[in-house]
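Comments concern the structure below.
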Amino acid sequence: MENPTNIVRVSNVTKDFTMGKSMVHVLKGIDLEIKTGEYISIMGPSGSGKTTLFNMIGGLDKPTTGSVFIDEIDVSQLDAYELAWLRCRKIGYIFQTFNIIQVMTALENVTLPMIFAGIPDDAARDKGMELLDLVGLKPRFQHKPFELSGGQQQRVAVARALANDPAIILADEPTGNLDLTTGDEIIKLLKLLSREKGVTIISATHDLKMLNVSDRVIWVTDGRVDRIENRDELSISLGKIDEKWG
Amino acid sequence: MQPETKLKKNLPKKQVVLPFLKSVEIAVKSIKSRFFRSLITTISLILAISFYSYIKTNSYIISGIVFSENKIAIQTLSQGGYEIPATGEQYNTTPKERWILFLSLLVCVVGIVNTQLMAVADRFREIGTMKCLGALDRFILKLFLIEAFLQGFIGAAIGALTGAGIALCGSLIKFGTLAITYVSFNGIFISIASSILLGCFLSLLGVLYPALLAARMQPIEAMRGRD
Ligand SMILES: Nc1ncnc2c1ncn2[C@@H]1O[C@H](COP(=O)(O)OP(=O)(O)OP(=O)(O)O)[C@@H](O)[C@H]1O
Ligand SMILES: [Mg+2]
C-alpha cells in the first residue's frame, strides 16, 4: 500500500429532507476523501448529519446533489443489483442499535451475508465460526439475540459486518448503546481489523476514546465539515474537545 | 452496447443470490419463532377453508344419498332444506350456501391482509437489515411468499380435513352407513384437494400486497421504523 488510493470520495454532497411543507437542509455541501486502510472518526453534535452522511456513503440513501464515489465509481449510477452487491460484498455496516435479526441465531446472522454472496453452506458456516471466534463468541453461536447482552449483540454485528471481507466498514456510533468496557472492546476490535486486515473504517461517534485510535478525525457541525485533524494534531486539541463535547 | 455501461467497469459483474432451499429454511425458522403470529394468521384460514371443505364434502354426500334412491333419507334431506336434484344428477350447493361461502372467504382474505400488514410493520427492522446486507427486493418478496404458502398449506390442510371430517361424521350420525355407501370417494378427495389449493391461493393472495410493500421499502426507511 505504497500509494493508497481514495476508496471513498464524497464530492459536494447535499441532502434535503422535506417535512410536510418545510424543507430541512441536513447536509450543506460535504467534501471528503478517504484513503484505503484509514481509520476515520466522524465527530459532531447530535443532529449534525452524521447518520445522514453515513447513509449516503453506504449507498443506503441518495444525495440531493453531489456524488459519492466508492473505488471511484459513482454510487448513484449503480442499478439495484449492483447496489445490492456493493452492500453485500464491499461494505460492512455496524449500527448503533445493533440490528441483529432477532429470529436468527448468532451464527445464522453472521452467515446471512455470505448466503447472499453465494458462498456454499459449509464454507459459510466455517467462516462464520471463525468470525465468532474472533469476536470471542464462539461458544454462543447457537444463541438467539435475546439471550445475548448488548455488547455481545454488537460483537455479532461486527462479525457479520466482516462476513464477506468488506473493504469498508461503516460504523454508526457502534459504542453508543454500550457500557464503557464493552465499548472499549469494540473499539479495540475495530482497530485490530484496520491494522491487520487493512479494512477502511469509518465510524461516527460521540466517544472520545475512539479518537485515540483514529488516523483522522472529521468534525461535522450543522451539515458541514468543520475541520479535519490528523492524529498527531489531536492530542493538542483534546483539552478543548473535553470542554466542547464532553 | 451502451457507452454508459463503461462507467461501472471496475465493479465485477457479480450477483447476490438467495437459493430456493435456503429461503425455505429461513421461512420455516421464521414461522417457528413467530409461532403465535403465524397461528393468528392461519386460524381465519383454517375456519374459512373448513367451511368450504364442509360444504363441498356435504354436496358429494347428498349426491350419494340421492343416488341411493332411499325414500326416507331423501325426505329427511328435503326437510332439512336441501333442493333434491333429479335422480342421477349431481347435487349443487344452494345460492345461500354459495353466498355465505363467498363472504367467509372474503373475510378470511381481509383478515390475512390485516395480520400480514402487522407482521410487516413488526419486521421493518429485519427487512431493513437484510437489505443493508445485500438482499434484493425479490428476496424479501420470496421469503414472505414462501412463508405465506407454508402457512396456507398447513392451515388449509387442517381446515380441509376438519371440514370433510365434520361433514362425514354429521351425515353418518343422521343417515347411518347409508351416508357413505354411495358416496363418491373420488369426490371427497377432490373436495379436500381443492380446499387445500384454495387455501394456499388465499394465503398468497392475502400476503401479496403486504409483501410488495415490504419488498419495496428502502433500507433506511425500514431502519428508522417509520411507515
Ligand atoms: N428521513 C428524514 N426526514 C426528515 N428529517 C431527517 C431525516 N433523517 C434525518 N433527518 C434530520 O436530519 C438531521 C440530522 O440527522 P442525523 O441522524 O444525520 O444526525 P446525527 O448527526 O446522526 O445525530 P445523532 O448523533 O443524534 O445520531 C436531524 O435534524 C434530523 O431530524
Ligand atoms: Mg446518528
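Structure data summary
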read-out	value
Rounded accessible area of B:L101 (nearest 10 Å², 1.4 Å probe)	20 Å²
Buried solvent-accessible surface, both chains (B, A), 1.4 Å probe, Å² to nearest 100	3100 Å²
Over the range A:6-231, relative contact order from alpha-carbon pairs under 8 Å, at least 6 apart, %	29 percent
Percent accessible area from carbon and sulfur atoms, the range A:6-231, protein chains only, probe 1.4 Å	49 percent
Residue-normalised accessible area of chain A, expressed per residue, 1.4 Å probe, Å²	43 Å²
With Cα atoms, 0 to 90° folded angle of helix B:185-216 axis to chain B main axis	30 degrees
Chain B, relative contact order [Cα under 8 Å, separation at least 6], %	36 percent
Cα-based helix-to-principal-axis angle, A:180-197 vs chain A, degrees rounded to 10	90 degrees
Dipole axis of the protein assembly as shown (+1 Lys, Arg; -1 Asp, Glu on Cβ), positive-most option in A:T200, B:I46, A:M43	B:I46
Selected from A:G59, A:G20, A:G151 as most flexible by GNM, with chain A as the system and alpha-carbon contacts under 10 Å	A:G20
Between the range B:50-76 and the range A:190-207, the alpha-carbon center distance in angstrom	75 Å
Computed accessible area, A:H25, all protein chains, 1.4 angstrom probe, square angstrom	100 Å²
Pairs of Lys in chain B closer than 17 Å at Cα, counting only those 8 or more apart or on different chains	9
The range A:6-231 - share of DSSP beta bridges that are antiparallel (%, nearest 5)	55 percent
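The values are calculated or read from the model by the stated rules, or taken from the named source; none is laboratory data. From a predicted model like this one, the values you see are computed outputs, not experimental measurements. Positions of Cβ are generated from backbone atoms using ideal geometry, with glycine treated the same way; all protein chains shown enter the neighbour counts. Please note that ligands, DNA and RNA were not included when accessible areas were found on the heavy atoms of the full protein model with its side chains. Shrake-Rupley method; radii C 1.70, N 1.55, O 1.52, S 1.80 Å.
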